[in-house]
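Chemist: Below: one structure in structure tokens.
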Amino acid sequence: WVEISVKDAVTGKSKIVYVEKVDYTDYDDEDPFQRLPELMERYNVWVCVIDALPNKNSSRWFKNQYIEDNRVYMAYYTRSKDGDINYNDKDGVVNIDRTETFKYTFNRIYNGDIAIPSGADIMEVWEEHMTHLKKETVEDEETGDVSEMFVKTGPDHLNHAHLYNEVARTIFEE
């Protein structure tokens, strides 16, 4: 899935302007990653964050199309004690604390900082995906440490696309 947003000039909020399912079933023998440069140009995307896995070769190919401008970052989920998003312009890699960043993005939606997509079809799919992560508290049996994590309860691909979109916004604004 791809999600593209812009900063609304009037409100300053993130406004989701485009959502698309980019899937192998739609492209016969062609790699669906071939579609991404077209979207980058059409929507004048300045910063893009893309899942590095499981299609690492395709992700790397796409990142390398924009290597001179440092516009594309390959994302990896990591655990971080501070919950920060750590990125490296030179390598085009961003490490994301999955749990903390999901909490941050969900809070932005809840607080009305993001204008969610309109249109009956995409709105229905977007809302369905956004409700398919459940926050749980887990205790490590060996150490007794308690932590939170998000568990998938159904299709959640747009959750990840939205998270990457929000990370791209963060990188762009720094």
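Chemist: For D8 and K21, calculate 0.36 nm times their separation in residues minus their Cα-Cα distance, and state this gained length in nm to one decimal.
Modeler: Stretched out fully, the D8 to K21 stretch lengthens by 2.3 nm.
Chemist: Let me ask something else. Need one number: % antiparallel among DSSP beta bridges in the chain, to the nearest 5.
Modeler: Of those bridges, close to 60 percent are antiparallel.
Chemist: Something else about it: Would you mind getting the accessible area per residue of the stretch 43-174, heavy atoms of the protein chains only, 1.4 Å probe, in Å²?
Modeler: Here the per-residue accessible area is 59 Å².
Chemist: Okay, moving on. For the stretch 10-79, state which trypsin sites (Lys or Arg not before Pro) are in a DSSP loop and have at most 16 other beta carbons lying within 10 Å of their beta carbon.
Modeler: K13, K21, R79
Chemist: What is the stretch 57-174's relative contact order, in percent, from Cα pairs under 8 angstrom and six or more apart in sequence?
Modeler: Computed over the stretch 57-174, the figure is 17 percent.
Chemist: Anything over 30 Å Cα to Cα? Flag those among K13/K152; K13/K63; K90/K134, in the order listed.
Modeler: Too far apart for the 30 Å limit: K90/K134.
Chemist: Additional query: Hey, in the GNM for the chain with a 10 angstrom Cα cutoff, which one of N86, N159, N111 fluctuates hardest?
Modeler: Its mean-square fluctuation being the largest, the pick is N111.
Chemist: Can you pull the Rg over Rh of the stretch 1-90, Cα-only, Kirkwood?
Modeler: My calculation of the ratio gives 0.99.
Chemist: Return the label of the correct value of semi-axes √(5λ) of the Cα gyration tensor in Å, as calculated from the structure shown, out of (1) 25, 20, 18; (2) 72, 12, 10; (3) 38, 28, 16.
Modeler: For semi-axes √(5λ) of the Cα gyration tensor in Å, the calculated option is (1).
Chemist: Between 0 and 90 degrees, rounded to the nearest ten: what's the tilt of helix 98-110 against the longest Cα principal axis of the chain?
Modeler: Taking Cα atoms only, the helix is inclined about 80 degrees.
Chemist: Okay, next question. Count the net charge of all other residues whose Cβ sits under 12 Å from the Cβ of L163, scoring Lys and Arg as +1 and Asp and Glu as -1.
Modeler: Computed value for this residue: -2.
Chemist: Can you give the calculated 222 nm mean residue ellipticity of the chain, where each DSSP H run of n ≥ 4 adds -39,500 (n - 2.57) and the sum is split over every residue, rounded to the nearest 500 deg cm²/dmol?
Modeler: -10000 deg cm²/dmol
Chemist: With a cap of 16 neighbouring Cβ atoms within 10 Å, and only residues DSSP puts in a loop, list the GluC sites (Glu not before Pro) found in the stretch 94-171.
Modeler: Here the GluC sites (Glu not before Pro) that fit, given the DSSP loop and packing criteria, are E141, E142.
Chemist: With axes computed from alpha carbons, what is the tilt in degrees of helix 120-130 against the longest principal axis of the chain, rounded to the nearest 10 within 0 to 90?
Modeler: Between helix and principal axis, roughly 40 degrees.
Chemist: Please find the FRET efficiency linking M130 to Q34, where r is the Cβ-Cβ separation and R0 is fixed at 41 Å, and quote it to the nearest 0.05.
Modeler: Given R0 = 41 Å and the Cβ-Cβ separation, E is 0.90.
Chemist: Right, here's the next one. Excluding same-chain residues fewer than 8 positions from K15, which aspartates and glutamates have a Cα within less than 12 Å of its Cα?
Modeler: Partners found: E3, D113, E166.
The values are calculated or read from the model by the stated rules, or taken from the named source; none is laboratory data. The model shown is predicted, which means the values in this text are computed figures rather than measured ones. Here Cβ is always computed from backbone atoms with ideal geometry, including for glycine, and neighbour counts include all displayed protein chains. The area values use the complete protein model at the heavy-atom level, side chains included, leaving out ligands, DNA and RNA. Shrake-Rupley method; radii C 1.70, N 1.55, O 1.52, S 1.80 Å.
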